[in-house]
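*Asks:* Here you go, one structure.
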Amino acid sequence: MNDPTSPFFGMEDWPDCGTKVTLCNIDVEYGVTEVFEEYDLIRYVDRNNDGDFDAGVDHAYIDMDDSDDVTLYDVRLTDVSIKEAFYPNNTKVMTQHDLDLGDTLVEADWNLMSSDIDLLGVVPNFYEEMEEEDVPLFTVNMFDTDCSGDWTCVDALYLSIDDEFWVDDFAVTHKDIRLYIPPNMICDEEPDCDYHAYDANQDGIISIGEVNTAIDDYRTQGPTSIADVSELIDMYRTGEPYC
């Protein structure tokens, strides 16, 4: 959305990563393409070389290019701390100077699959004692924000639980999880104003131009009434924010 070449440039921010999609969110029904299923590309760096994923020690990633190494644009699912550098979860490996670049990635184990640390908390848990039919399956899909056709720095990832509603897999739908949202797209807080339909710039104040738009709509038998126009005139005259 911050890319001028994107058809979504200038639109409102998306909600925070790790949140669940609800019916009225801006990203509902955005078309997506599949990236991987289950834990195929979720891997970790075994920092202490003990053969297990240790929460708070090892680092989990989405290995976006399936290279088995930390490469550019891989997504950090856990906080990464190396020497003096700290990279929070929900960030991508973005430069050749990132200290985790080139680290070896290994396949997810049961420790990782049952971890709820950082962004792993929104990924379905795979418990070793579960019966096979009870294991929750999921698909990770990509929303191609800049319409480039492949994975780039502005694209978002959504996690969808696989169920009988297979048609949901082609678009962002209610109850999907935002697995990765580029930080500069994240909205810090939900809007607290129910903007009037004629508040074109959504600044919470009705201007004379917005009043004139309503009057023009009324004169041309548009979607407004004399009562709506009168209400807008009163809101304009006060000069005060209405919310």
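*Asks:* Of S67, S81, which has the most accessible area and how do the rest follow, probe 1.4 Å?
*Replies:* Sorted descending by solvent-accessible area, the residues read S81, S67.
*Asks:* Keeping all protein chains in position, work out how much accessible area C153 exposes to a 1.4 Å probe, and write it in Å² to the nearest 10.
*Replies:* That residue has around 60 Å² of solvent-accessible surface.
*Asks:* Follow-up. What FRET efficiency comes out for Q221 versus T33 if R0 is 35 angstrom and r is the Cβ-Cβ distance? Round to the nearest 0.05.
*Replies:* Approximately 0.20, to the nearest 0.05.
*Asks:* Continuing with the same structure: What FRET efficiency, computed as 1/(1 + (r/R0)^6) with R0 = 22 Å and r the Cβ-Cβ distance, is obtained for N201 and Y242, rounded to the nearest 0.05?
*Replies:* Calculated value: 0.95.
*Asks:* Same structure, new question: To the nearest 10 Å², what's Y180's accessible area with a 1.4 Å probe?
*Replies:* Answer for Y180: close to 10 Å² accessible.
*Asks:* What nm value, rounded to one decimal, do you get for the distance between W110 and D52 when each label is placed 7 Å out toward the C-beta?
*Replies:* 1.0 nm
*Asks:* How would T95, T224 line up by accessible area, probe 1.4 Å, largest first?
*Replies:* T95, T224
*Asks:* With every protein chain left in place, what is the accessible area of K92 in Å² (1.4 Å probe, nearest 10)?
*Replies:* 10 Å²
*Asks:* Could you sort I181, I226 by their accessible area in this structure, using a 1.4 Å probe and putting the largest first?
*Replies:* Per-residue accessible area, sorted high to low, gives I226, I181.
*Asks:* Moving on to the next point. Could you give the nm distance between label points at D40 and D194, where each point is 7 Å from its Cα heading toward the beta carbon?
*Replies:* 4.5 nm
*Asks:* Using the Cβ atoms and a cut-off under 11 Å, what net charge is assigned to the surroundings of S225, where Lys and Arg are +1 and Asp and Glu are -1?
*Replies:* -3
*Asks:* Then there is this: For K175, list the lysines whose Cα falls under 21 Å from its own Cα; do not include residues on the same chain fewer than 8 positions away.
*Replies:* Correct list for K175: K20.
The values are calculated or read from the model by the stated rules, or taken from the named source; none is laboratory data. Source: prediction; values computed, not measured. Note: ideal-geometry Cβ built from the backbone for every residue, glycine included; neighbour counts use all protein chains shown. Heavy atoms of the whole protein, side chains included, go into the accessibility calculation; ligands, DNA and RNA do not. Shrake-Rupley method; radii C 1.70, N 1.55, O 1.52, S 1.80 Å.
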